[in-house]
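S.K.: Can you keep this structure in mind? I'll have questions shortly.
The values are calculated or read from the model by the stated rules, or taken from the named source; none is laboratory data. If you're wondering where the values come from, they're calculated on a predicted model, not measured in any experiment. Positions of Cβ are backbone-derived with ideal geometry, glycine not excepted, and every protein chain shown enters the neighbour counts.
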Amino acid sequence: MPEKIYFTTPIYYVNAEPHLGHTYTTVVADTLARFHRSMGRDVFFLTGTDEHGDKIAQTAEETGVEPKQYADRISGIFRSTWETCGISNDHFIRTTDDYHIAFVREVLQRVYEQGDIYFGEYGGKYCTGCERFYADRELVDGKCPDHETEPVWIKEENYFFRMGNYQEQLLRHIHENPGFITPSGYKNEVLGLLREPLEDLCISRPKSRLSWGIELPFDDSYVCYVWFDALLNYLSGLSHVKGAERDAYWRHAHHLIAKDIVKPHAVFWPTILLAAGFPLYKSLHVHGYWNMGESKMSKSLGNVIRPLEMRERFGLDGFRYFLLRDMAFGMDSSFTEDAFIARFNADLSNGLGNLVSRVLSMQHKYFDGELQPVAGELEGLDRELCQAFTTAETKAKEHLAVLAFHLALEEIWRAIAACDKYVVETAPFKLWKQEEQRARGGEILHVLGDALRHTARLIEPLMPETAVRISELLGSDPGKLSAPTPEWGKSFAPGHRVSKPAPLFPRIEIES
Ligand code: ME8
């Protein structure tokens, strides 16, 4: 039985359309899902939309439509964006789906019956953008650090979850499982939060103030707090998977989020899981922010990059490459069009794109597109190139396993650079002109064909469309990208033909 593994993105609020930030987390999850599938694992990959709560109700009202109608529209945009972008999720969950609502009510009832939910009164400063109460010490100049708005004071009777009952157990788990929250800077941040006694979590909103939510099973005058509802998606999203398999996925659940939602995921969620009697997830992986200039990119700040526009202008894989190459997972990074164009032109147009065109052009010019056989053993320089790919593969896998996407790409690009060096050193363009050297020229092009096939295989999790295009240009079956590769010099059958070159990444010219 293949080993099971489960990847999730946050479920995105439907108050904004997909932008670069959402795309980053989704592309990261997609890359991991593809990488683990290519390693023979049985992957379940979940994404979706978070549709209840004040924030959505308010946005729908501003738009003049019912919340559900509004949520249908934006959720549809998320779903179709990910489809257009070739994201390989196994399921797309909406918190307005019936099976999710039933699951949330079941968990609420269970936790209520065992006494971890009680009725009481609470007043506090609430940020609607974050959908949570803030303690004074968490505010910056009295404002929410993320939304830069003043929270509003809310006092009302509500239901509360005794989060503090599970604080010790959570702390122990974090200490005993070093990979529970990564990178470690975020783990330390959570340990800092857990130094203070946890306050109980308000998990309801009176319907008199907000009706857009899941009704509490034990009091129909209240709806469930949006985070309690949303976090449970990670379990309800597996509802369609059979029992034993579901448990196996859950034991290997990896959540991917940005640093804005560490507290709900690292404190609320595990304490809810403990209270409801579920095992804890395996790991929470936290990345930094994509900034535009100095500020975090977000709809409220009005400085957004849209994935479909980027795809239209530059192709999807150019965008994926930039996202994965220019952010070290865990750290912040900044998006500028200049940086994007510089990376694209240097690494994709001049690097990979140019190599593919050059190899295919030579193959056509010298041998009419037909790959020539490699007679006997590979020569020294051939073996060196082969070794460069073996090293790149080993290191790229090590980096991908720990989410160091930028380093994995660096390793693969080292192998691509080794191909350029190989072309210069072996000079097939000279050998072709001398009758007695032509066969060797053909062998060199065969070895370069092997190198491109390996490149396609290595980039598949990171740049899936390009991997398929390179395979097609080479005349090999893109469906076999992750199949074990034959020996170098022996992988193409006699008479195998490659396609004429087609530009993979046309250079972006900057208008002055
Ligand atoms: O928080 N940089 O949804 P959300 C990097 N519904 N990542 C970014 C980003 C940026 N500038 N902006 C957004 C919610 N993201 C809740 C989640 S989960 C049970 C509920 C990404 O629409 C990043 O993954 O505000 C971040 O954590 C998420 O979008 C927030 O999405």
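S.K.: Within the range 110-127, restricting attention to residues that are of a type in the set (A, V, I, L, M, F, W, C) and surrounded by 15 or more Cβ atoms within 10 Å (Cβ to Cβ), which residue is nearest to the ligand (Cβ to nearest atom)?
M.R.: Residue satisfying both the conditions and the ranking: C127.
S.K.: Right, another one. Could you grab me the full set of residues in the range 445-465 that are farther than 15 Å from V498 by Cα and assigned to a helix (DSSP H, G or I)?
M.R.: H454, T455, R457, L458, I459, P464, E465, listed by residue number.
S.K.: Which one of these is touching a strand residue (DSSP E or B) at 6+ places or on another chain (Cβ under 7 Å) and either buried (at least 22 other Cβ atoms within 10 Å of the Cβ) or under 18 Å from S357 (Cα atoms) (or both): G495, G449, G441, G475?
M.R.: G475
S.K.: Turning to a different aspect of this structure: So which of G277, G237 is out of contact with any Phe, Trp or Tyr (no Cβ under 8 Å at 6 or more places or on another chain), touching a residue at least 40 places away in the same chain (Cβ under 8 Å), over 16 Å from Y13 (Cβ atoms) and buried (at least 23 other Cβ atoms within 10 Å of the Cβ)?
M.R.: G237
S.K.: For G495, indicate whether it is in contact with a Pro (Cβ under 9 Å, 6 or more places away or on another chain), assigned to a loop (DSSP other than H, G, I, E, B) and not assigned by TED's automatic domain parsing to the domain that holds G86.
M.R.: no
S.K.: Turning to a different aspect of this structure: What about Y122, is it touching a Cys at 6+ places or on another chain (Cβ under 6 Å) and hydroxyl-bearing (S, T, Y)?
M.R.: yes
S.K.: Which residue out of F329, F314, F335, F340 is at pLDDT 95 or above and either of a type in the set (F, W, Y) or on the phi > 0 side of the Ramachandran plot (or both)?
M.R.: None of the others qualify; the one that does is F329.
S.K.: Mind checking which residues of the range 368-397 are within 15 Å of G475 (Cα to Cα) and in contact with a helix residue (DSSP H, G or I) (Cβ under 9 Å, 6 or more places away or on another chain)?
M.R.: G369, E370, L371, Q372 - these are the residues of the range 368-397 that are within 15 Å of G475 (Cα to Cα) and in contact with a helix residue (DSSP H, G or I) (Cβ under 9 Å, 6 or more places away or on another chain).
S.K.: Report yes if some residue within the range 295-310 is closer than 16 Å to L20 by Cα, among the aliphatic types (A, V, I, L, M), touching a strand residue (DSSP E or B) at 6+ places or on another chain (Cβ under 7 Å) and not assigned by TED's automatic domain parsing to the domain that holds P197; otherwise report no.
M.R.: Checking the range 295-310: at least one residue is closer than 16 Å to L20 by Cα, among the aliphatic types (A, V, I, L, M), touching a strand residue (DSSP E or B) at 6+ places or on another chain (Cβ under 7 Å) and not assigned by TED's automatic domain parsing to the domain that holds P197.
S.K.: Here is a follow-up. Counting just the residues of the range 128-142 that are of a type in the set (D, E, K, R) and surrounded by 15 or more Cβ atoms within 10 Å (Cβ to Cβ), which one comes out nearest to the ligand (Cβ to nearest atom)?
M.R.: Selected residue: E131.
S.K.: Any residue in the range 48-66 that is assigned by TED's automatic domain parsing to the domain that holds T96 and at pLDDT below 90 sitting within a Cβ distance under 7 Å of a residue that is of a type outside the set (K, R) and part of a strand (DSSP E or B)? List the pairs, counting only those 6 or more apart or interchain.
M.R.: Note: pairs meeting the criteria are K55/Y13.
S.K.: Follow-up question, since we're still on this one. Considering only the range 324-415, give the helices (runs of 4 or more DSSP H) lying wholly within it that have at least 1 residues that are closer than 23 Å to E487 by Cα.
M.R.: 354-367, 380-401
S.K.: Against the definition (at pLDDT below 90, over 13 Å from V374 (Cβ atoms) and out of contact with any strand residue (DSSP E or B) (no Cβ under 9 Å at 6 or more places or on another chain)), how does K433 come out, yes or no?
M.R.: So K433 fits the description; yes.
S.K.: Just to be sure before I move on: is G277 within 16 Å of T31 (Cβ to Cβ), away from the ligand (no atom under 15 Å from the Cβ) and modelled with pLDDT of 90 or more in the structure I sent?
M.R.: no
S.K.: Enumerate the strands (runs of 3 or more DSSP E) found wholly within the range 180-263, keeping only those where 3 or more residues are touching a strand residue (DSSP E or B) at 6+ places or on another chain (Cβ under 9 Å) and more than 14 Å from the ligand (Cβ to nearest atom).
M.R.: Result: 204-206, 219-224.
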